[in-house]
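Working notes for the structure below.
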Number of protein chains: 2
Amino acid sequence: MATIRDVAKHAGVSVATVSRVINETGYVHDDTRKKVETAIKALHYTPNEVARSLFKRKSRLIGLLLPDITNPFFPELARGVEDEMQENDFRIIFGNSDENMKKEKEYIQTFVQNNVVGVIASTNHPDTDTYRRLNIPVVFLDRTADNRPSVYADGCEGGRIAAQEMVARGSRQITVMQGPTHIRPAQDRFKGAIEALSEQGIAFNVVMTSSFSFTEAGTWAKELFEQHPFTDGVIASNDIVATAVLHEALRLGKNVPDDVQIIGFDDIPLSSLLTPSLTTIRQPAYDMGRAAANLLVRLIDDVNIDNKTIQMPVTFTERDTTRKVNQHG
Amino acid sequence: MATIRDVAKHAGVSVATVSRVINETGYVHDDTRKKVETAIKALHYTPNEVARSLFKRKSRLIGLLLPDITNPFFPELARGVEDEMQENDFRIIFGNSDENMKKEKEYIQTFVQNNVVGVIASTNHPDTDTYRRLNIPVVFLDRTADNRPSVYADGCEGGRIAAQEMVARGSRQITVMQGPTHIRPAQDRFKGAIEALSEQGIAFNVVMTSSFSFTEAGTWAKELFEQHPFTDGVIASNDIVATAVLHEALRLGKNVPDDVQIIGFDDIPLSSLLTPSLTTIRQPAYDMGRAAANLLVRLIDDVNIDNKTIQMPVTFTERDTTRKVNQHG
DNA sequence: CCTCGATGTGGAACCGGTTACAGATATAAA
DNA sequence: TTTATATCTGTAACCGGTTCCACATCGAGG
């Protein structure tokens, strides 16, 4: 690889001048600039980002920490982040945290060691030292931390909507699936749902689930219908769990939505492809990713930002696992 | 952030000694080592990877280039890569190429500028200068390039199997969907399928598709049944397209698999969750990712490697969009 | 013709690590 | 006691950029 000194020699100028040309800083005579530019082309020179990063104590890298790219909700987020970052000439160091604080910590550390200029993280513990001590901007994605930069959808509101719509469509023996206790958005949805049900005086059961994996979700779905066989409405903590519930219901010969209604959360690509297609509370994942990236870029550039916490809308996405509302009033 | 000089001062030794302690190289007296270690802890010192990388001309970063993380086949791959790399203390710079050579080139360039020590790429053009000129190891993933390090499943063989199984299950008016012409694995599958059909003297139609997006796939599915209404078997170029075909068939009131059989490719998580669940040619995506990462790590460590191209098995995964074979012999 | 600000360029320090090399001491062998 | 070798430590150059500062030249205004 050619270095800036090679270019300088080839062009018959000093390294300082070459640097000025590449960065378009300071004064450079037109003729000189041309000499340098031809030298750069001749040697196929591209500046070494590592050297730059060392001196400036700033790279063009940002860290992205997501729970699990294998969970279909996250690729959309990731893609949103990537597209926006790409357009702003940032690259992404990526890691899966598995909702595990130790892994998170390790990743954040290596991010810092690599001079990243910002971090986007889906963490359940934004208030730990791991994040507080960072002296680079952090944007929390799909998670909130009061008053710190974050992009998220209102899980609580989503849960409420799910409950209301389910009741409006006639379910009276509702089972709410409580997602993993250590995952914040799951708890918000749960809280929203049971609050709304309580307010309306509707009885409900609760089934706990302890992860979002496809394989385990089946077990909880079985458990649900064993423990609460007369359930006529299930509010799941996300679309993965909802899918498992749907499958189990069909396996048991139940008619969906006539015997059981099901509402999921997220609207992952899979949801619209199921039969019957899944009614869900949609989060605009791609847009959330983009918004988070955009916010981070602005924080990096130290733009004055009025609105550091961006709440994205959740929308009730009516499909075929719920009945039509006018059938029941 | 504390630097190595801070640590040296705090411990009353030279930077060289500190460096020796961190890297466990050369001689260091036990007492000295302890002094340094306490200093490191006291100052919360972690070495700056950028400075290291600059001097050594080698980082602990690798580049991962995938077509589109939003396509459900790739998160599994990515996760496999990440897990293996994590275990070997490498971090990943990630990018989506959209099967677009220009984007690829840009990414590869920035990878190099960041001193990555290796690259894993799903490219359709492994023989371009972009990859040939690289003087760091490259592993092609889900793609081949003769005799260069790669991990892939045999698309051709997969296509053949799909064709054979479909014929064995009684379809005689088969439509083969040809994936995007610029995507190698898609063409391999297509070739394998039509070869096998020709050998067996079975007539077939071809429908072209030009991307793997969920939204567009629906259009081609419609086209398929308009142009070839009597099709009784569809070999799709991947599970996304197969899903669209399944939906269209059901919409048209066809019985699957009795009127039309459908075979997909990949076995993405979605496939087993459809109704009817999708018969497909499975690629072990996660394992492929892991294998590619493992191979790259060995190449980086300059281990003598006998087997640089790893072919993973494709397996016929029988589900409910095909009939049982004994029904037809 | 002189002065001054704008323009143009290069030398060298610096970012935070690693390592070649030299010098010092301790220990073992002769 | 001398010599050879192993152990231990520090100085300084180096990786490839950026930028401060000093110095030189040029054109305009007095």
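Each value in this text was obtained by applying a stated rule to the coordinates, not by laboratory testing. Keep in mind that what you see is a predicted model, and the values were worked out from it rather than measured. Backbone-built Cβ (ideal geometry, glycine too); neighbour counts: all protein chains shown.
Structure notes:
- With helices as the sole contributors, chain A gives -13500 deg cm²/dmol at 222 nm; each DSSP H run of n ≥ 4 counts as -39500 (n - 2.57), and the sum is divided by every residue.
- When all alpha carbon pairs of the range A:153-304 are counted in 10 Å bins from zero, the resulting P(r) reads 11, 41, 31, 10, 5, 1 %.
- Considering only A:His125, A:His29, A:His247, the mean-square fluctuation computed in a Gaussian network model of chain A, springs between alpha carbons under 10 angstrom, is largest for A:His29.
- From the largest down, the range B:244-329 spans 58, 28, 15 angstrom on the principal axes of its Cα atoms.
- Inter-chain neighbour count for B:89-100: the average number of beta-carbon atoms from partner chains within 10 Å of each residue's beta-carbon is 4.
- Among the trypsin sites (Lys or Arg not before Pro) within the range B:288-329, those in coil by DSSP and having at most 16 neighbouring Cβ atoms inside 10 Å are B:Lys308, B:Lys324.
- A simple count of charges around B:Gly218, restricted to other residues whose Cβ falls under 11 Å of its Cβ and scoring Lys, Arg +1 and Asp, Glu -1, yields -1.
- Taken residue by residue and averaged, Cβ atoms of other chains lying within 10 Å of the Cβ of B:69-78 number 5.
- Relative contact order (percent, whole number), the range A:204-287, Cα cutoff 8 Å, 6+ residue spacing: 25 percent
- Highest mobility in the GNM of chain B, judged by mean-square fluctuation with C-alpha springs under 10 Å and restricted to B:Asp142, B:Asp239, B:Asp30, is found for B:Asp30.
- Rounded to 5, percent antiparallel among DSSP beta bridges of chain B: 10 percent
- Taking N as its residue count, the alpha carbon Rg of chain B over 2.2 N^0.38 Å: 1.28
- Members of A:Lys58/A:Lys191; A:Lys58/B:Lys105; A:Lys56/A:Lys105; A:Lys308/B:Lys105 lying beyond 30 Å, as alpha-carbon distances in this model show: A:Lys58/A:Lys191; A:Lys308/B:Lys105
- The relative contact order of chain B comes to 18 percent, based on Cα pairs under 8 Å that sit 6 or more residues apart.
- Relative contact order for the range B:4-47, counting Cα pairs under 8 Å that sit 6 or more residues apart, in percent: 43 percent
- Inter-copy label distances at B:Thr3 (7 Å, Cα→Cβ; nm, one decimal): 1.9
- Share of pairwise Cα separations in the protein assembly as shown, more than 41 Å, in percent: 36 percent
- Using R0 = 56 Å, the C-beta based FRET efficiency linking B:Met101 and A:Ala203 works out to 0.40.
- Crossing angle, helix B:285-300 versus chain B [Cα axis fit, 0-90 degrees, rounded to tens]: 40 degrees
- Label-to-label distances for B:Phe316 across copies, nearest first, come out at 4.8 nm, using points 7 Å from Cα in the beta-carbon direction.
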